[in-house]
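As structure tokens, the structure follows; a few thoughts come after it.
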Amino acid sequence: MSSMEIDFKQYELRCQLRGHEDDVRGICVCGSEGIATSSRDRTVRFWSLDSSDKRKYVSSKMLLGHSSFVGPLAWIAPEEEFPEGGIVSGGMDTMVFVWDLRTGEKVQSLKGHQLQVTGVVLDGGDIISSSVDCTLRRWRKGQPVESWEAHKSAIQAVIKLPSGELVSGSTDTTLKLWRGKTCLHTFSGHTDTVRGLAVMHGLGILSASHDGSIMLWAQSGEVLMVMVGHTSIVYSVDAHVSGLIVSGSEDRFAKIWKDGVCVQSLEHPGCVWDAKFLENGDIVTACSDGVVRIWTVDQENIADPVELEAYASELSEYKLSRKSVGGLKLVDLPGLEALQIPGTSDGQTKIVREGDNGVAYSWNMREQKWDKIGEVVDGPDDSMKQSVLDGVQYDYVFDVDIGDGEPIRKLPYNRSDNPYDTADKWLLKENLPLSYRQQIVEFILQNTGQKDFNIDPTFRDPYTGSSAYVPGQPSYASGISAKPTFKHIPKRGMLVFDAAQFDGILKKISEFNNTLLADLEKKDLSLTEPDISRLGAIAKILKDTSHYHTSRFADVDVALLLKLLKSWPVAMIFPVIDMLRMTVLHPDGATVLLRHVEVNDVVMEMIMKATTDPALPANLLTSIRAVTNFFKNSSYYGWLQKHRSDILDAFSSCLASPNKNLQLAYSTLILNYAVLLIEKKDEEGQSHVLSAALEIAEQETLEIDSRFRALVAIGSLMLEGLVKKLAMDFDVGNIAKAAKASKEAKIAEIGADIELMRENGREFGQIFKLEIAEKSGSEKFILTNHIFRGTWGFIS
């Protein structure tokens, strides 16, 4: 059935709601009361109908409290406790908050999730929340009631069915139907992350996926309908009682579906994170440009012509800013006035902007004028540039490293060529073994995106008599592995805080000791003269770094430090912690301390004591630096891994501190944990660290080194950890893009590293390395595409 045969009224822009300062991530329709929206700017806004213009909404409340971006929202209808209704919000900061709309105040803070909260829904008087930590949690009157691991991978959404069951969607590509904590059914059908869920009135369950599709399921698990039309990740889906469906995608469109057919596509100047129906059938969309838009079929409510024209102009400018020709941004091209400047040589080429197109001109030296050649166009990849080898243009020219000090060879290829013929001719030309043929063909097909290349089943190798190698079938030679070249990742080794002012530390300890001596009630906590001498001896050992390999600690040395940590008032322990920070960098000091930790975990006691609210900044700084230094000694890796959750939770407040030293120490701790947990292949731990690192990295106003270390942690976890797919599910693309645009060189460089890896993860890999070894293992042939992006002709 074509869209022309469907009875459908076209939606048009009704109004735009401006107020958020960053991406709008979530929408909650609050009955007839208004609309709530969440954003990367860490706020929730409530929008009410404009009494002076029924077409428009105005921001009537701004809810502040989350420390990172806010995602899912749920509406609490007016009742005795919330006479004007309430909002439930979940954030990247792992928190679920309940807000009273009458006052705009936060009335409940629900802490329990270990990672980002991805869904919130009401179940009677209870709140159900889902998280990247793989759990569903039930909360009642501000308290946790129950939680359970609902999936083995991150949960991205949760909804409640009219019949009372819950449905969860996960990165594991499945949906699960729950009655209480019992899974009634697992729905399998998507091929990538299930990102959004909705109830389809009277029919079943809708799911939106990273695979680009929307599915309608019966509650029995049967797939009733598959809707395909988006060209990228589908983030959200919603349904109306009229039977219409709306979906939002990274492809910048909100698509409207009827009877499985896309009947309209609403274009946006950015990613559409969420889309919801109002009760009257109007559609609300949340866009990455920070604007909420409402769309309507009601002619009386359509925006006035001036606003419609302004929006059309905004879309045009957005597309223009992204358009490129011949590998150049259209907006960067000079106008026709550039042709008033004479050329310098015959045949010189210049590309200028004419309207929305780039046009190539050639300088005619004889007639002293620019001759028009034609319009500049690009192939499938706008960033591709023309490759030339021996004066001949090719779609691709790959670099081939033969190894053993041999010069780089060039492998030219056109998409119209048969890759098998190309491989055979090239191997003969370069005098290389024909046994490499199938790997070269596979390399060419993967690097040129020719996944659908049709193999003639009757083909026989003229040299070996065997059939053609088919990519995807088992290969007996070593295969292709993605290995891009990155500037700052992966991170190797641990960072420590190894500078100390020992005289200042001893002076502060002495000062505090005198205070205790003067206090009759605390005098018994003070140090004796021998104790003070022992502390001086410890400092002397730690100062002499040239003899760390031979100097030794007595057990009583470490025991004295631990005794002070345990007995001294909390306001006085920071210089002792600082001494411990340096002790753990001493090989023997760390060994002696470990014996105490294994018997009685005084270090965890110290962390809890130093970080308990209200924590002193000096205690926080010295203790987080001390824990960071534990990563220097591999003997503590097991302890660090075991206590990872408690340690990161204890120091999570450092990020919100205005103290830049605390921020840097927290980022360093996160980076060290990333390195450790990659080595330990600890997926759960990596997920926790990734979430914390993303929270740091998205804060563009942070001190440069703090943000840089968090970005390095993210990149390292994506490159060598087990959480690349999870990072893709998070907002890593926007974080990388923002970093890449930074004026700070190293932030821009690590942003480029992460963006390249993200594209790799979506099958837009840039660099591949192919290693082919003879059966004897004595020879190795390395084929590396250093440039990777091939070339397309650009003059039409």
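Looking at segment 132-148, which of its residues are closer than 21 Å to Ala692 by Cβ and at pLDDT below 95?
Residues satisfying the conditions are Val132, Asp133, Cys134.
Tally time: how many residues in segment 294-351 are modelled with pLDDT under 95 and in a strand (DSSP E or B)?
7
For segment 257-275, enumerate the residues that are β-branched (Val, Ile, Thr) and buried (at least 18 other Cβ atoms within 10 Å of the Cβ).
Answer for segment 257-275, where residues must be β-branched (Val, Ile, Thr) and buried (at least 18 other Cβ atoms within 10 Å of the Cβ): Val263, Val272.
Take the residues in segment 575-599 that are touching a residue at least 60 places away in the same chain (Cβ under 8 Å) and within 16 Å of Leu506 (Cα to Cα); name whichever of them is nearest to the chain's Cα centre (by Cα).
Arg581
Please go through segment 703-743 and pick out each residue that is farther than 21 Å from Thr485 by Cβ, open to solvent by 20 Å² or more (accessible area, probe 1.4 Å) and assigned to a loop (DSSP other than H, G, I, E, B).
Glu703, Leu722, Ala741, Lys743
From Lys258, Lys350, Lys369, grab the single residue that is touching a residue at least 24 places away in the same chain (Cβ under 8 Å) and at negative phi.
Lys258
Would you be able to say whether some residue in segment 59-76 is in a strand (DSSP E or B), in contact with a Lys or Arg (Cβ under 7 Å, 6 or more places away or on another chain), within 23 Å of Gly169 (Cα to Cα) and in the same structural domain as Ser168 (by the TED database)?
yes
Return the residues of segment 93-129 that are open to solvent by 20 Å² or more (accessible area, probe 1.4 Å), closer than 30 Å to His643 by Cα and more than 21 Å from the chain's Cα centre (by Cα); say none if nothing qualifies.
Answer for segment 93-129, where residues must be open to solvent by 20 Å² or more (accessible area, probe 1.4 Å), closer than 30 Å to His643 by Cα and more than 21 Å from the chain's Cα centre (by Cα): Gln108, Ser109, Lys111.
Being open to solvent by less than 10 Å² (accessible area, probe 1.4 Å), within 30 Å of the chain's Cα centre (by Cα) and more than 23 Å from Cys28 (Cβ to Cβ) is the requirement here; does Leu330 meet it?
For Leu330, the condition - open to solvent by less than 10 Å² (accessible area, probe 1.4 Å), within 30 Å of the chain's Cα centre (by Cα) and more than 23 Å from Cys28 (Cβ to Cβ) - is met.
Of the conditions (1) exposed (fewer than 13 other Cβ atoms within 10 Å of the Cβ); (2) closer than 30 Å to Lys740 by Cβ, Pro490 clears all except one; give me its number.
Tallying (1) exposed (fewer than 13 other Cβ atoms within 10 Å of the Cβ); (2) closer than 30 Å to Lys740 by Cβ, Pro490 fails exactly one: (1).
Give me the residue from segment 34-58 that is within 14 Å of Val284 (Cβ to Cβ) and not in a strand (DSSP E or B) and, out of that set, farthest from the chain's Cα centre (by Cα).
Filtering first and then ranking leaves Arg55.
The values are calculated or read from the model by the stated rules, or taken from the named source; none is laboratory data. On a predicted model such as this, the values are computed, not experimentally measured, just so you know. With ideal geometry, Cβ positions are generated from the backbone for all residues, glycine too; neighbour counts draw on all protein chains shown. Surface accessibility is based on the protein's heavy atoms, side chains included, excluding ligands, DNA and RNA. Shrake-Rupley method; radii C 1.70, N 1.55, O 1.52, S 1.80 Å.
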